[in-house]
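Working notes for the structure below.
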Amino acid sequence: MADFNVVLDPGDYQEGIVNTVVEIPEGSRLKVEWDRKRAAFTLDRVEPAIFAKPCNYGFIPQTLDEDGDELDTLIICPEPLMTGVWLEAKVIGVMKFVDDGEVDDKIVVVPADNRDDGNAINSLEDIPQLVKQLEHHFTHYKDLKKPGSTKVTGWGDAEEAKKVIAECIERYKG
């Protein structure tokens, strides 16, 4: 008999690998969110075209950030990924973020099979222009509705990201 009660776990974050589920593909302006009570994705709102996501956006299952939602991920990948796809991802850093006064950190990841072909991304230092773009996007994406309500407060490396993940797993467990 098949076991249909298998649940996607956070992954082996201590080793720098997490499972992440895509909510919003890169380039999309649709703010899709996971509704854990209904176990389905929901369209929260449509953002202005100038605020399309600069990278794939998702979450780590079985985590809760301080804002009460799953811990977000910024998935750096050469192609947009479809909503609902999950992947194993390598943790490369964390964007420390505050949204409407609540901590809403973003773990920066790349696909775990990110090959070292000379173009592999292993840390935030490997993507300095994208880090600037992400900071600009998340600092300003609510400016048309609520100026100044979001702020990037800093960046951390993979080790700092693992600490944030551990805290969010413990918060989820309650």
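Across the chain, counting alpha-carbon atoms alone, Rg and Dmax equal 15.5, 54 Å. Take the alpha carbon gyration tensor of segment 128-174, find the square roots of its eigenvalues, order them as a ≥ b ≥ c, and report rounded if a/c is under 1.5; if not, report prolate when a/b exceeds b/c, else oblate. Since a/c reaches 1.5 but b/c is at least a/b, the shape of segment 128-174 is classed as oblate. Dipole orientation for segment 13-173: of the candidates G16, V152, A166, V152 has the Cα lying most toward the positive pole (charges on Cβ; Lys, Arg +1; Asp, Glu -1). This model, with +1 at the C-beta of Lys and Arg and -1 at the C-beta of Asp and Glu, gives segment 50-96 a dipole about its Cα centre of some 240 debye.
The overall shape of segment 85-174, judged from the alpha-carbon gyration tensor, is oblate: a/c is not under 1.5, and a/b is no greater than b/c. Modelled spin-label separation between K146 and R38, with each label point placed 7 Å from Cα along the Cα-to-Cβ direction: 2.1 nm. Projecting label points 7 angstrom from Cα along Cα→Cβ for N5 and R171 puts them 2.8 nm apart. Choose one answer from N122, N19, N114: the residue with the largest mean-square fluctuation in a GNM of the chain with alpha-carbon springs under 10 Å. Taking springs between Cα atoms under 10 Å, the residue moving most is N114. Fully extending the segment from V103 to R45 would add 18.8 nm, taking 0.36 nm per residue of separation and subtracting the current Cα-Cα distance. Spatial offset of segment 31-45 relative to segment 120-174 amounts to 21 Å, using the alpha carbon center of each. Spin-label model, K132 to D12: label points 7 Å out along the Cα-to-beta-carbon direction sit 3.7 nm apart.
DSSP finds beta bridges in the chain, and of those with both partners inside it, around 90 percent are antiparallel.
Excluding same-chain neighbours fewer than eight residues apart, the lysines reachable from K151 by a Cα-Cα span under 26 Å are K31, K53, K90, K96, K106, K132, K142, K162, K163.
Since every read-out is calculated from the coordinates, none of them should be taken as a lab result. This structure is a prediction, so every number in the text was calculated from the model and none was measured. A quick note on method: Cβ atoms are made from the backbone with ideal geometry, for glycine too, and the neighbour counts reach across all protein chains shown.
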